[in-house]
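Here the structure is laid out as structure tokens; the discussion comes afterwards.
The values are calculated or read from the model by the stated rules, or taken from the named source; none is laboratory data. For clarity, every value in this text was computed on a predicted model and none was experimentally measured. Here the Cβ positions follow ideal geometry from the backbone for every residue, glycine too, while neighbour counts run over all protein chains shown.
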Amino acid sequence: MLALSMIDGVIVGLYLIATMAAGIMVRRYVGKVEHYLVAGREMNLYLGIASLAATEFGVVTCMYSAQNGYDKGFAGATPGLLMALAMLVVGLTGFCVKPLRDSGVITIPELFEKKFGPRIRWMSGVVIVLGGLLNMGVFLRTGGEFLVHVTGMNEDWLEETMTILLVCVALYTILGGMLSVLVTDYIQFIFMSIGLLAVTVQILWQIGWERLVDTVQVHHGPGGFNPFIHPQMGTSYVVFNALLNTAAVLTWQTTIQRVLAARDTQTGRKIYVATSYFFVCRFFIPTVWGIAALATLPPLAEGAKTLFAMPSFLSSFVPTGLMGILIAAMLAADMSTDSSYMLTWGSVIYNDILAPFRRKPWPEKKGLIANRFIVALIGVFLLFYGLWYPLSGDLWTYLGVTGTIYLSSMSVLLIACCYWKKANSWGAAGAILAGAFFPVAFLVMEQLPSTRDLAQSIGPYRSGIASYVLSAGAMILGSWLKISLKGNSRHD
């Protein structure tokens, strides 16, 4: 039975029409590749805050944070606190983001070419796209599953729901690029904020803060409030997430794109500082929703996915009218995330991976056609990957592991590029290979029956920490080796 009334349907329909119209209308202002990829570098502070907040809160964010709340209690919000702290510090100090924005590049690999050469730029682009697309591969299915469970829709409609969502997002992203993303992000930020706050207020009013705290205490004990003593978390979890979120603040292309599209370096830094506080809410509000599901739903059957507990709770908890606002808010969150991510990985493919094949700059018209074609191909990949890949374990862990494929090495390369004069191409190549090896190996081992037990014994957090440590070590060792060999060659 559908939980969506006629009133809810009208609210959702009006939102979709308004968003699609706004996104498509700005396509007339896209005349250059720079307009398409970084909005002509004219993004101001308030638009940047809204865009970054909307992009980094999607249905996938809501789902994994709520799952963390259900499985881990208030301690499940730990990644959000760590990311907010990292973003605040980077914004205040300008660490890495200042020299990056000052360089005037469109993507991070473009900066690496100036320090390490064109081969490293190409390798960086490949690793970024690999990690980014694997990371985003589950977004579409997760968004579809949320809508299916929260509305009571027949699960047989999941594929159709995923396809409709993708077509809506792809249409205005392909046509308008970053300009469409920024305009729709602003609308989506407003809808998203209204929906999140309204549902949270209702939970606190009807269920109550005290019951939520008692639920965590009963089900998780002290570990529900302290990640260091939670049996599913511990020190390795906290350390891995500290490394992961710091690296994401520095090099996650969808986040750093806002700095690169900002009017100037100071505006980019202010966007980070102002948005850092939102990242606490980004994790904490869905965590509360997951705890509310734990407090009100009957115990799940053995083997049931806790990922779906929160949308199942909302389907019976949220009243008519507010349900329409909630679904519009979640669609807003999902569309803003998907559009920005598609454009981001497309920009790296065009600007960095295809760079060796452009012996001279392409005309603007040809560049725009190529970018739009790349975004369309990414959409096709996301549709088929979302249908194919079987998600094992919790969603946040999967996202952390796939993100580490490139975050571990790109953060090392960026820091070395900005602050270590002796860093060179050998060290950069070693860092890329070492950083990608462990997460890719872990994902493969997790899917093979013969190595699944070994992967579980190692765990995603220890393998993730190893990626960051070995990537840094490879940068130092590779750079030192090249300097030493060249020094010996000159001596001989």
Exercise for the section: Within region 389-396, identify whether any single residue is in a helix (DSSP H, G or I), touching a Ser or Thr at 6+ places or on another chain (Cβ under 9 Å) and modelled with pLDDT of 90 or more, and answer yes or no. Expected result: no
Exercise for the section: Tell me, yes or no, whether region 53-74 has at least one residue that is modelled with pLDDT of 75 or more, assigned to a helix (DSSP H, G or I) and at positive phi. Expected result: yes
Exercise for the section: Would you please list the contacts, defined by Cβ atoms under 9 Å and residues six or more apart or on different chains, that run from a residue in region 429-457 that is within 18 Å of ILE415 (Cβ to Cβ) to a residue that is part of a helix (DSSP H, G or I) and at pLDDT below 85? Expected result: ILE432/TYR406; GLY435/ILE405; GLY435/TYR406; ALA436/LEU130; ALA436/GLY131; ALA436/ILE405; ALA436/TYR406
Handout entry: Residues that are within 13 Å of SER411 (Cβ to Cβ) and of a type in the set (A, V, I, L, M, F, W, C), drawn from region 458-469
Key = VAL469
Practice task
Kindly provide the set of residues from region 419-436 that are within 25 Å of the chain's Cα centre (by Cα) and surrounded by fewer than 19 Cβ atoms within 10 Å (Cβ to Cβ), ordered by number.
Solution key: LEU433
Practice task
Residue by residue through region 261-295, note down the ones that are hydroxyl-bearing (Ser, Thr, Tyr) and within 20 Å of the chain's Cα centre (by Cα).
Solution key: TYR272, THR275, SER276, TYR277, THR287
Fill in the blank from the handout: Of (1) surrounded by fewer than 24 Cβ atoms within 10 Å (Cβ to Cβ); (2) in contact with a Leu (Cβ under 9 Å, 6 or more places away or on another chain); (3) among the hydrophobic types (A, V, I, L, M, F, W, C), PHE279 fails just (1)
Exercise for the section: Evaluate the following for THR161: is it in a helix (DSSP H, G or I), under 18 Å from the mean Cα position of the chain (by Cα) and either modelled with pLDDT under 75 or surrounded by 20 or more Cβ atoms within 10 Å (Cβ to Cβ) (or both)? Expected result: no
Exercise for the section: Would you please name the residue that is nearest to ALA292 (Cα to Cα), looking only at residues in region 203-232 that are surrounded by fewer than 17 Cβ atoms within 10 Å (Cβ to Cβ) and of a type in the set (S, T, N, Q)? Expected result: GLN206
Handout entry: Within region 71-94, considering residues that are of a type outside the set (A, V, I, L, M) and surrounded by 24 or more Cβ atoms within 10 Å (Cβ to Cβ), the one nearest to SER236 (Cα to Cα)
Key = PRO79
Exercise for the section: Output yes when any residue across region 326-334 is more than 21 Å from SER124 (Cβ to Cβ) and either surrounded by fewer than 19 Cβ atoms within 10 Å (Cβ to Cβ) or hydroxyl-bearing (Ser, Thr, Tyr) (or both), and no when none is. Expected result: no
Problem - Qualifying residue in region 36-44 (condition: of a type in the set (Ser, Thr, Tyr), crowded, with 23+ Cβ neighbours inside 10 Å, in a helix (DSSP H, G or I) and modelled with pLDDT under 80) - result: yes
Fill in the blank from the handout: Here the qualifying pairs (Cβ atoms under 8 Å; residues six or more apart or on different chains; first in region 275-286 and within 18 Å of GLY73 (Cβ to Cβ) and free of Cβ contacts under 8 Å to residues at least 24 places away in the same chain; second part of a helix (DSSP H, G or I) and among the charged types (D, E, K, R)) come out as none
Practice task
Determine, yes or no, whether PHE313 is aromatic (Phe, Trp, Tyr), assigned to a helix (DSSP H, G or I) and under 24 Å from the mean Cα position of the chain (by Cα).
Solution key: no
Exercise for the section: Would you be able to tell me the number of residues in region 287-310 that are crowded, with 22+ Cβ neighbours inside 10 Å and hydroxyl-bearing (Ser, Thr, Tyr)? Expected result: 1
Handout entry: Selection within region 447-483 - within 27 Å of PRO231 (Cβ to Cβ) and surrounded by 18 or more Cβ atoms within 10 Å (Cβ to Cβ)
Key = ALA455, PRO460, TYR461, SER463, GLY464, ILE465, ALA466, SER467, TYR468
